[in-house]
Structure formats: structure tokens, C-alpha cells
Amino acid sequence: MTYALLSLVFLVVAGVVAAVGWRRAPRGHLRAVLVTAAALVVLTAVFDTVMIATGLFGYSDAHIWGVRIGLAPIEDFAYPIAGVLLLSGLWNLLAPREPDRAH
């Protein structure tokens, strides 16, 4: 199994939860999700590059696409993105509903 296929499973599950949860999202929610995802992608690029460069772990070239950001394979970025999608979707699904106010 390739890392891309494994990543796809996480992204699909997280995307479904996010799509359902975001229907209940407050205004400005998407902006917060995008800022969070961008921060996590930058942090992943920096720290994964450092960890790979120091030899803490590595990836078999046979299981990755070959596209890298720094030393981190592109597949490695699916996990922080899936985390943002999943957690923001769950946050909205589990948040108490505010009563509708008719004016």
C-alpha cells in the first residue's frame, strides 16, 4: 500500500465529517480553517524536513509519489490537513445548537 492511498482514506473520512459539520458552522469558520491548515502545513514542512535530515525517519521511494516539500513527501501533508478537516467538522457537529431567533 502506498502512502498516498493511505492518506486518501484519512482525507475522505475527514472531508465527509467536515462537509456535514460545516453546514452548522458559524460565519468566518472557513477563514479560521484555512489559516489553521496553512500554519500546520508550514510547521509540517519545517519539522519533517528537520527530522528526516537528522535521520529520525525516512520514506521508501517505492511508496511515495516523489514530490517533496523540503525533504517531506507530499503525502505527509495529508495528515495535518485531515486533522484540521476532521476536528473542525466535529467541533461544529458537537457544539450546542443556538436557538433560532425570529425577528
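The values are calculated or read from the model by the stated rules, or taken from the named source; none is laboratory data. No experiment lies behind these values; they were computed from the predicted model shown. With ideal geometry, Cβ positions are generated from the backbone for all residues, glycine too; neighbour counts draw on all protein chains shown.
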**Q.** V9, sole failed condition from (1) among the hydrophobic types (A, V, I, L, M, F, W, C); (2) within 23 Å of Y59 (Cβ to Cβ); (3) over 15 Å from the mean Cα position of the chain (by Cα); (4) at pLDDT below 95
**A.** (3)
Q. Of the residues that sit in the range 48-58 and are over 16 Å from the mean Cα position of the chain (by Cα) and surrounded by 12 or more Cβ atoms within 10 Å (Cβ to Cβ), which one is nearest to R68 (Cα to Cα)?
A. T49
Q | Residue in the range 68-89 that is loosely packed, with under 14 Cβ neighbours inside 10 Å, without any contact (Cβ under 8 Å) to a residue 24 or more places away in the chain and not charged (D, E, K, R) present | A | no
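Residues are listed down the side, and each one gets a yes or a no for (1) touching a helix residue (DSSP H, G or I) at 6+ places or on another chain (Cβ under 8 Å); (2) within 19 Å of V9 (Cα to Cα):
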site: R31; (1), (2): no, no
site: A39; (1), (2): no, no
site: L43; (1), (2): yes, no
site: D48; (1), (2): yes, no
site: G66; (1), (2): no, no
site: P80; (1), (2): yes, yes
site: V84; (1), (2): yes, yes
